[in-house]
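Below is one structure, written out as C-alpha cells; comments come after it.
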Amino acid sequence: MVKGYSNYDKKPFVRVNGFQNHAFAGQRIIDELKRKVDSFSKDKVVLALDCYHGVNQQELLELLKQLKPISMISISEANHSNEQIQAMLNRNITNDRVFGVLSCHKIEEFFCKDKLAKINADIAAIETGLVIVYGIGASLIEQKDIIVYADMPRWELQLRMRRNEVANWCADNYDEEILRKYKRAFFIDWRVLDRHKTSLFEKMDYILDSTISNEPKMMTKEAHLAGLKQAAEQPFRVVPFFDPGVWGGQWMKEVCGLDKTQKNFAWCFDCVPEENSLILKIDEIEIEIPSINLVLYQPRNLLGDKNHARFGAEFPIRFDFLDTIDGGNLSLQVHPLTEYIQQNFGMHYTQDESYYMLDAGEDATVYLGVKENINSQEMIEDLRVAETGEKLFDADKYVNCFKAKKHDHFLIPAGTVHCSGKNAMVLEISATPYIFTFKLWDWGRLGLDGRPRPIHLAHGEKVIQFDRDTKWVKENLVDQVEKISDGDGYIEERTGLHKREFIETRRHWFTKPVTHNTNDGVNVLNLVEGKEAVVSSPTNAFEPFTVHYAETFIIPASVGEYVISPTENCNGETLATIKAYVRN
C-alpha cells in the first residue's frame, strides 16, 4: 500500500484580514472587557455570559471575577425543573439507546416565565456596579449591555461527555452511557442551542473560544462575522477530528501524522461541519469555533442559492475517513429510506453514501447488496438469532463481497446492505445525516466501553432493499466510472453517485492546471493522489490555497471559477482530486 506523503495539515486556519487587535487571550480578555464596561457612562452595567452546551462555566466565572462584579446570577435558576423538561422532551428522547426524534423546541420553552421575571426584577433592583448573568440562555434577560457568547465545538463537547464531565442540558445524567447522552444532545440540545446562537450572531459583542480548558480566547463580533464571511468566499478546510474504534486501523497514523502510541484510529471527520471546528486566525491568536457557525451565518454564500433553498442552513455533503488497515470489518449496516427517516425521526433527507478507496490492501473487500436468490426471511431470522448471541451470522451466505483496490468507488444508496471489510482506507462521501446507521451485525464484537454495540434490526429489516442483488449491484453500484472529457494535461471522469443519490462526484487526473466552476453550488474535494496542489482564482479573488494529499477542502458556491494546479514539489507526477457537489 502507498502510505502517502505525511504532509497532512491537522490544524488548518483562515487568516482574517483587516481586524488587528480584535482578538484577545489571557489577561487581554479581562483588559478588553474592562474597557468595554468602562465605556458605558452609567452607574450599572449588565454583562450576559451566554453559553453553548458543554462550556465549563465555573472556569469562565473565575476569569470574570477579575472584573469585580457586584453580583453574579445564574440564569439556570429560571429553568424549569429537570423533571418538567424531561416530560416535555420524552417524545423526542425516546427509549432507544441511539435514535431520538428531531426537536423543534425553542430555548424559551426551557425557562419558567415567573422565575425569569424574578431575575429581571433582581437585576433592576441593583443600582450600581457590574452585574454578570451567566449560563445557557443568559441573553434572555431584559436588560443587558454586553453579550459575551462562550462557544464549544461538538467534538470537544463529546470528549467531555465521554469523561462524564458534562451532562445534557437541564439533566443530571453525567454517568449515563455516552450513546444516550450523545443522542439527547444530537436530537435536542444542539438543535435548540444552534437556533438560539444564530439569533445572537448580530447581537453579541464578543465570542469566546472555550475549546481548550483554562486557555480561553476571545474576539469581537465584528471580527467573528468578518471571518465567517471571508471563509464563505474562499477555499478553506475545517479542523479534522480523529477517533478510535473497535475496527480501527493504522493508515491514518502514518499519513496524517497521528500519535503512534494509540491502539488505532477508526474515523476522521475531515469535513463534517456539524462536528468539526474552524480556526480563525487574527494577529497570531488562533480562535477555534464550531464550523457550523459558518453554515448558520453564511448559508447562501457557502451553499449557493439552489442548495440553500433545498437544505436551508444545513451542509449537505460529508467527507470522512474510515480506516480498517490492519483493523477489522465495519459493522454490517443499512441506512433508512427517505420516507422512513422523515416519518420516524423528523429528518429532512437520508444518508445516501459511497466508499471511495483512498488505499487498499491486497485482501481489501467491500460488502455490498444481497446475493441472488437468497431467502430474505431466512436472512432476517439469522440476524435475529445472531443478535441474541446464540450463533454467529454468516454474512458471506447472504451478502456480496467484492474485492476492492485503490481508487475504486462503491456507491451505496440508502436501503443497500453494506460495510467495508478490513485492510481498506475509505474516503466516505455521503449526505450528512450520519447518525442514522442501522447496524445489522457487528461480527460478535464489544464496543470500546466493553458493552455490546447496539444492533438496530427492528429498523433495518424495514428498509433493506432485497432487490439490490448481485447483478443489480454490479450494474449500478460498483465502480461506475464514465469518462466525461479530457484536455491538455487532464482527464475528467464521473464516478457516481447513483441516480437515487443527490450527490454527483467527478474525478480529475491531471498534470497541468484544471479549471473548475462551482456553478452556484458548494464543492467538496479531496486530493486523492499526489503530494500537493494549489487552488487559485483566475481573478485573484482569494489568496492561493495549498492542499496536501488526503486533505478535504471546501470551495464555497460564491467562489465561482477556480483552478487546481500541481505545485513545483510534485515533480511531474499525476495528481487526482475527487469532487462532490449537489446535482441540479
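Please report, ordered by residue number, the helices (runs of 4 or more DSSP H) entirely within the stretch 55-162 with at least 2 residues that are under 30 Å from PHE24 (Cβ atoms).
57-64, 113-125, 154-162
Given (1) under 30 Å from ASN90 (Cβ atoms); (2) touching a residue at least 40 places away in the same chain (Cβ under 8 Å); (3) open to solvent by 20 Å² or more (accessible area, probe 1.4 Å), identify the lone condition not met by PRO336.
Condition (3) is where PRO336 drops out.
Among the residues of the stretch 320-328, are any closer than 27 Å to ILE188 by Cβ, crowded, with 22+ Cβ neighbours inside 10 Å and either free of Cβ contacts under 8 Å to residues at least 60 places away in the same chain or among the aliphatic types (A, V, I, L, M) (or both)?
No - not one qualifying residue is present in the stretch 320-328.
I'd like the full set of residues that are open to solvent by 20 Å² or more (accessible area, probe 1.4 Å) and within 20 Å of the chain's Cα centre (by Cα), limited to the stretch 388-434.
Selection gives TYR434 alone.
Of the numbered conditions (1) crowded, with 17+ Cβ neighbours inside 10 Å; (2) not in a strand (DSSP E or B), VAL385 fails exactly one; give the number of that condition.
Only one criterion is unmet by VAL385, namely (1).
Out of (1) without any contact (Cβ under 8 Å) to a residue 40 or more places away in the chain; (2) farther than 17 Å from VAL370 by Cβ; (3) not aromatic (Phe, Trp, Tyr), what's the single condition that is false for GLU475?
In the conditions (1) without any contact (Cβ under 8 Å) to a residue 40 or more places away in the chain; (2) farther than 17 Å from VAL370 by Cβ; (3) not aromatic (Phe, Trp, Tyr), GLU475 misses (2) alone.
Looking at (1) open to solvent by less than 10 Å² (accessible area, probe 1.4 Å); (2) under 23 Å from TRP251 (Cβ atoms), which one does PRO556 not meet, given that it meets all the others?
PRO556 satisfies every listed condition except (2).
Would you be able to tell me the number of residues in the stretch 142-173 that are under 19 Å from PHE110 (Cβ atoms), open to solvent by 10 Å² or more (accessible area, probe 1.4 Å) and not aliphatic (A, V, I, L, M)?
6
Across the stretch 225-236, which residue is farthest from LEU296 (Cα to Cα) among those that are in a loop (DSSP other than H, G, I, E, B) and open to solvent by 10 Å² or more (accessible area, probe 1.4 Å)? Lay out the reasoning, then the answer.
Restricting attention to the stretch 225-236, the residues satisfying the condition of being in a loop (DSSP other than H, G, I, E, B) are 232-235.
With the extra rule that they be open to solvent by 10 Å² or more (accessible area, probe 1.4 Å), the set shrinks to 233-234.
Details: GLU233: 15, GLN234: 17 Å.
Filtering first and then ranking leaves GLN234.
Identify all residues within the stretch 453-503 that are open to solvent by less than 30 Å² (accessible area, probe 1.4 Å), within 22 Å of ALA580 (Cβ to Cβ) and out of contact with any strand residue (DSSP E or B) (no Cβ under 6 Å at 6 or more places or on another chain); write none if there are none.
Hit for the stretch 453-503 is GLU501, nothing else.
Step by step: first the residues of the stretch 520-553, then only those that are over 25 Å from the mean Cα position of the chain (by Cα) and polar (S, T, N, Q), then the one that is surrounded by the most Cβ atoms within 10 Å (Cβ to Cβ). Which residue is that?
So the residue we want is SER536.
Among the candidates LEU280, LEU358, LEU296, LEU303, which residue alone is surrounded by fewer than 24 Cβ atoms within 10 Å (Cβ to Cβ), at pLDDT 95 or above and out of contact with any Cys (no Cβ under 7 Å at 6 or more places or on another chain)?
It is LEU296.
Can you say whether SER6 is open to solvent by 40 Å² or more (accessible area, probe 1.4 Å), at negative phi and at pLDDT below 95, as far as the supplied structure shows?
Judged against the criteria, SER6 is not a match.
Being charged (D, E, K, R) and touching a His at 6+ places or on another chain (Cβ under 9 Å) is the filter here; which residues of the stretch 222-263 pass it?
Matches in the stretch 222-263: GLU222 only.
The values are calculated or read from the model by the stated rules, or taken from the named source; none is laboratory data. Keep in mind that this is a model prediction, so the values were computed, not measured. Positions of Cβ are backbone-derived with ideal geometry, glycine not excepted, and every protein chain shown enters the neighbour counts. Ligands, DNA and RNA are stripped out before the accessible areas are found, and what is left, the full protein with its side chains, is counted by its heavy atoms. Shrake-Rupley method; radii C 1.70, N 1.55, O 1.52, S 1.80 Å.
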